[in-house]
Amino acid sequence: MRQRKKIQILLYEQKLSKLLCISPMGYTGFIGDFYWNDLEKENGTMNFKMIHENYNVYNLERSLEFYEKALGLKEVRRKEAEDGSFIIVYVADRQSGFELELTWMRDMDRPYNLGDCEFHLAFGTDDYEAAHKLHEQMGCICYENPRMGIYFISDPDGYWLEIVPQH
C-alpha cells in the first residue's frame, strides 16, 4: 500500500510539474507542499473537478441572450431568493458539464467595476471562422491576436471570453 501511494505521488508530481514551474507568484514550493500535505488523505489522493465560474451581471436577461447567441449556452437551472434580492442562473454547453453561474443582485444600482479585466474564461470552437464571423456581426470582439490564432469577446458586463480553435 505504501509503495502504491509513492508511485501515485510521483505520477501526480510529474503531471503538476509544468503547472508549478509557471506559477507567476513564485509559489512553486508552497503549492507543492500545500497539495501534498493538506489535500492528501489516508485513503488516497483527493481529486477536484472544476464545475462552474461565477460572473455577477447587471442585466440578467441581456446576459442570458448574449451567452445563448454568442456561445450557445443554455439555462440549465435557476435559484431565486424568496425575498427577490438575487437570482442565480446556471448556463452550460452540451459537451463539457462545466457551468457559468450568472448572478443578478437586486440592490446593485450600477454596472460592475471589473478593474483591469485581467481574467477570462476560454471557449474552444470546432468552427473558428464561423464563430469569428458571428462575433464580428454581434460587435463583441474586443481583442484579436492573429499570430496566436485567438480572439476575445466581451459580454454585456465587460467580462472577456477567449475564443480558441479546438485541436
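If we sort 79-85, 65-71, 135-141 on the protection proxy, mean other Cβ atoms within 10 Å, highest first, what's the order?
Descending mean neighbour count gives 65-71, 135-141, 79-85.
For every other residue with a beta carbon closer than 9 angstrom to the beta carbon of Pro156, add +1 if it is Lys or Arg and -1 if Asp or Glu, then tell me the sum.
Once all neighbours under 9 Å are counted, the net charge is -2.
Less than 12 Å Cβ to Cβ from Leu114, Lys/Arg counted +1 and Asp/Glu -1: what total charge do the surrounding residues give?
Combined, the nearby Lys, Arg, Asp and Glu give -4.
Where does the charge balance sit around Tyr90 when Lys and Arg score +1, Asp and Glu -1, over other residues with C-beta under 15 Å from its C-beta?
Here the charged neighbours net out to -2.
None of the figures in this text is laboratory data; all of them are computed from the coordinates on show. This structure is a prediction, so every number in the text was calculated from the model and none was measured. Don't worry about glycine lacking a Cβ; one is built from the backbone with ideal geometry, like all the others, and counts go over all protein chains shown.
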